[in-house]
Amino acid sequence: MGRITLGLLLLASLMYGREWRLHIGGMHCIACTLAVKKALLGVHGVQEAKVNFKNESAYVISDETVSLKAMQNAVAQTGYTAIDIPLPDLR
Amino acid sequence: MHRREFIKKTALSGAICLTPSFLSASVEIKNTLALYDIQWKFDLSEHTAKECTLWAPLPGDISGFQNVLQLGSSTDAKESFQTTHNLYKSATLYAKWDKNSVIKILNITMKVALRDRQCDFKPKRICPDAIKEANKFLAPTAHIPTDGAVAKIAKLIIGNEKDLLKKARKIYDWIIANSYRDESVHGCGVGSPNAMLAQLEKEGRMGGKCLDMSALTVALMRSSGLPAREVMGIRVGASRLSNAFGAKEDITKSQHCKLEFFIPTLGWIPCDPADITKLVLKEGIEKTSPRALELADKFFGFWENNWMAFNHARDFDLYPANAQGSLDSFGYAYGEVDGEYLDPFEPTHYRYTILSKKVVL
């Protein structure tokens, strides 16, 4: 019974992941988006990452295990910065 | 027939007027005509249920050096057209496929005639409009700074030299002396003069590829009062001078950036310091060897007829507008999938090939 509950919780966390919108600093050309995207996708639990040079932003979908700090560290290792921009409350 | 057509077009363009955008210095036209059939094939079909857009740089005519005899395309794209509607009037082929397109293919074919471009350094009359147009290439851009470290190094190189041609030669020689070709760099490099100078300060020399060296040369020249610009292009065939400067039939990864600078009494003068560093690496010779020195001297005022120019665009906006914003250079095709950037240095990712075949005359 306990195993089933744990399994359901894990499934729920995967299904009901969260969205992030990050401000990415330090990109000097469009090719930088590739490095930032690769860094974000390298974080365990990040499912999708879209990076835009013009808006200096990244849109990320992750599961609940991902922390802002983990993404910031990954992005920082490639020479850029990431700051969380709160998503508008659409409810 | 093609030869006759080329000669006719060349004579005509010379008779009308030299256009300011590619006005060349007194060009000695030799009988070094080469004709190439080029096929560029794109296949974005793997991006199913996604909107794909593509901007491909196209060659244009350059009086006395390059003539596009034929240019055609076939595609199943929802929308496609040629345009020069951008800051640098760079010829572009635009194609857009919607999400529902199953097959996303674009084929471009062209027949291009090329001649050696050899500057004879003889003074000529240049019209004021051409000088005014050239002077636009004194201004800095996002990736071509003319102040700070660039200005400081330019002053060190130039010293008290006042002669414009001698200034240009000093900068050209300095680039060759202080840089080396780094094969680990992606594509043609990023073309950031400040990054190159930071590396010089740290390591005592600068590694990079053609865009890196050309961009730094351009920045140093502009900072010294010489209009200058990179010229993006591609090697389309074998070189008579060295294998280092040539390409085989598959030219998918043969993009190469050269540069030209402007002197009001001579016009635009081509040069290519980056290829000398490539020669040194590929032939395993010293920069001070007679062969390297001889070719360095030749490449100050020379382009060979196995290289085709696209444009001199840097830090500009594409038309129609893309999702990612200003492009820093346009030597490679630029693509987006659902607004995301497609890496042009990974042609296998979006499957494109460029093939070039020399036509026997």
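Structural remarks
- The residue among B:Y332, B:Y180, B:M196 whose Cα reaches farthest toward the positive pole of the charge dipole of chain B, with charges on the beta-carbon of Lys, Arg, Asp and Glu, is B:Y180.
- Loop-located GluC sites (Glu not before Pro) in the range B:207-261, at most 16 other Cβ atoms within 10 Å (DSSP): B:E249
- Checking the cross-link pairs B:K170/B:K258; B:K41/B:K111; B:K278/B:K298; A:K50/B:K209 against a 19 Å limit on the alpha carbon distance flags A:K50/B:K209 as lying beyond it.
- Given A:K38/B:K136; A:K38/B:K282; B:K166/B:K287; B:K162/B:K202, the pairs whose alpha carbons are separated by over 28 Å: A:K38/B:K136; A:K38/B:K282; B:K162/B:K202
- Residue with peak Gaussian network fluctuation, chain B [Cα springs, cutoff 10 Å], from B:P344, B:P59, B:P193: B:P344
- Positive-end ranking of B:L318, B:A238, B:I354 along the dipole of the protein assembly as shown, with charges on Cβ about the Cα centre, is headed by B:A238.
- Taking the fewest neighbouring Cβ atoms within 10 Å as the starting point, the ordered list for B:S184, B:S63 is B:S184, B:S63.
- Pairwise Cα inverse-distance average, inverted: Kirkwood Rh of the range B:31-177 (Å): 19.7
- For the range B:314-332 versus the range B:225-265, the gap between their alpha-carbon centres in whole angstrom: 21
- Inter-chain neighbour count for B:334-343: the average number of beta-carbon atoms from partner chains within 10 Å of each residue's beta-carbon is 3.
- If only the Cβ of Lys and Arg carry +1 and only the Cβ of Asp and Glu carry -1, the dipole of chain B around its Cα centre is close to 1240 debye.
- In this calculation the C-beta distance from B:D317 to B:K152 is compared with R0 = 22 Å, giving a FRET efficiency of 0.10.
- For B:H47, B:H186, order by how many other beta-carbon atoms lie within 10 Å, fewest first: B:H186, B:H47
Since every read-out is calculated from the coordinates, none of them should be taken as a lab result. Because the structure is a prediction, the values reported are computed rather than measured. Counting neighbours? That spans all protein chains shown, and the Cβs are built from the backbone with ideal geometry, glycine included.
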